[in-house]
1. Could you tell me how far the Cα centroid of the stretch 198-227 sits from the Cα centroid of the stretch 306-365, in Å?
2. How much of the accessible area of the stretch 413-502, in percent, comes from carbon and sulfur atoms when a 1.4 Å probe is used?
3. Would you mind getting the Kirkwood hydrodynamic radius of the stretch 312-404 from its Cα pairs, rounded to one decimal in Å?
4. Please report the net charge: other residues with Cβ closer than 10 Å to the Cβ of residue 120, K and R +1, D and E -1.
5. Residue 478: accessible area at probe 1.4 Å, nearest 10 Å²?
6. Among 241, 199, 292, whose Cα lies farthest out toward the positive end of the dipole of the stretch 173-308, if unit charges sit on the beta carbon of Lys, Arg (+1) and Asp, Glu (-1)?
7. Give the calculated FRET efficiency between residue 310 and residue 459 to the nearest 0.05, with a Förster radius of 60 Å applied to their Cβ-Cβ distance.
8. Based on the Cβ-Cβ distance from residue 386 to residue 246, what FRET efficiency comes out when R0 is 35 Å, to the nearest 0.05?
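The values are calculated or read from the model by the stated rules, or taken from the named source; none is laboratory data. Please read these numbers as outputs of a predicted model, since none were measured by experiment. Quick reminder, even Gly has a Cβ in these numbers, built from the backbone with ideal geometry, and neighbours come from all protein chains shown. Keep in mind that these areas ignore ligands, DNA and RNA; they rest on the heavy atoms of the full protein, side chains included. Shrake-Rupley method; radii C 1.70, N 1.55, O 1.52, S 1.80 Å.
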Amino acid sequence: MREARGSKRRGRDVRHSGGFLRNWLAPLLVLALLAAGVGAYRFEWGQRHLPWLAADPVTEPEQVLVPAGLDLPAWSPPADDAGDDPAGIVLDPAAAPRLDPARVAAALSADLADPDLGRHVVAEVAPLAPGAPSWTSGDGRYLPASTTKLLTLGAALEVLGPDHTFTTRVVRGERAGEVVLVGGGDPLLASRPLTLAEAGATYPARADVTTLALETAEALGDGPVRVRFDDSLFTGPTDNPAWRRDYVPDDIVAPITALMVDGGDEPDSDLKQDDPSLASARVFVDALRAAGVRVSGQPRPAVAPPDAEELAAAESAPLSQVAERILDVSDNEGSEVLAHQVGLATSGTGSFEGGAAGVLQTLGGLGIDVAADEVYDGSGLSRRNRVSTSTLVGLLQHAAGPAGEDARSLLTGMPVAGFTGSLTYRFAEGPALARGLVRAKTGTLTGVHALAGVVVGRDGVPMAFVLGADRSPPEERYDAQEALDRAAAALAACRCSAPAAG
C-alpha cells in the first residue's frame, strides 16, 4: 500500500460439523498454504529475485520451492460430516471449539503492551466459526487503515458475486466517424497485452485497451475517426474529500475514474496520471493509429449514446480473482474502484460517498453490527475511518461459514506470513511456525498499524483476529509492526481452545 510515500511532484487539479473441523481443517490449511507458496513464485504474488541467488529458507521462505518429487495426497471430505461446501471449510458453529480467555490473554498481553504500539491498542480473537464468541482487548474501535479493504472487498463479493466481470466497450458515437471508449470500472484494466512471459507470471489475466483498439480497427473499415471517451459510470469528485489534501497531488493515490489503465500509474514511473480517463483514451488512440486507423484530433470526453452500436468489448477476470489480487498487493485504486461499484449496485451512485454507504449497508445485511462504524473510502487511506474490531471478525467468520461462499476470496486472497504479498518480508520475529499459518491484511498509515486475518493455533483451531494500534509513535513504525507480527505469531503457537467440558 502506498500509504507512506513522500512527495513526488507538483500539485494537480482535482477527482470472506465439529468432527470435520477438528480432523481435517488443519491438514487442509497446511496443504493450501504449501500451494500458496508455489503460487507466490508462479504468479508473482510475492516479490521475485534474481534466479542465481540462493534462497534462505528462514529469511526468504517464499523463494523455497516445494521439493521435487513431493506428491500431495488426494483428499475428499468424509461422507458423514463434511457438509456440502465444495471448498471443504464449512464450520459448524454449534460444534466449534471455544476459546479460553486466559490462554488468549497469556499469548497476547505482553506484545500488545509493547510501548512502541502507543497509547491506543485494540484486539479481538474468535474461533473462525460464524457467531462464535470473541476475546477482546481495548475499546474495540480503531482507525483501520488498509484493513478497510477487507470490508470493501467483502461487500463487493457479496453484492456483485464472485463471478462478476467488468466490461470496457467501444461504441459508435452520436456523429458519423465518432467512436467512444466507454469505461466499465474495471479495477485491473491494462494499457497493453502481456507478453507470453508476463502472462505466465501474472495473476489474474487482464483486459487491455490496446487489444480493444485492434478489435475496433477491424470493425471500423475505411475512413478517419474521432475518438471520444466516456467515464460517466462514476460520479462525484475523483479526489476523496476525506483524504489528506496531498494524497492525489503527491502521487500517493491516483484520481479515481471508471476508465483507468494500469491502476492510474504513468508508464515506467512511480508517478500517477493527472487524468486517468484521458490517459487511457490516449493509449487507445495510439493503438488505433498503430493498427492503421486514421484518427483525427485528440480524444475528448463525451457520453455514449444510449443503445449505441458496440464495436468491441474487453472483459475483466472474475471478481473473485480481482479481489485476491487487490488484497495481496493492497491496491488502493482497485479498492476504490470496487467501492464505487458497490455504490452503484446498492444505490445507483458510483461515488466515494455512495460506495462507503453501500459497503456498510451490505455488511449490515449480513447480520454484522456496523452501528459504530464510520467509513469514508474503500482503501483505508482516510484517517476519518473508525471501525469496530467485531465488524472485521464478523466478516471473516461469515466468509468461512456456510453462508459465505461468495466472500471466500477474502480468506484465499489475504497475504500469507513470510510468503506472499505485503507479508512477504514480515514475521521475521516470533514463533517461526507462524510463517505459513497466518493469513492477514496489513494496515499502515503514519502512526497506525493493523493486522486482520486468520490463523491456525497449535491445537489446530482456526481463529479470526484483528490487532490494531492507531496512536503509535511514527519513529517506531518498524518496531510497532514487529510487535503486531509477534502477537499474531503467538496465536499460531497458542493452544487457545478451552478444555472440553466433562
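1. 22
2. Working: 1420 of 2800 Å².
That share works out to 51 percent.
3. Working: mean 1/r = 0.0711 Å⁻¹.
Mean inverse Cα-Cα distance, inverted, gives 14.1 Å.
4. On the way: positive: 119, 141, 471; negative: 139, 470.
Local charge sum for residue 120: +1.
5. 140
6. Among 241, 199, 292, the one farthest towards the positive end of the dipole of the stretch 173-308 is 292.
7. E(calc), rounded to 0.05, equals 0.60.
8. 0.95
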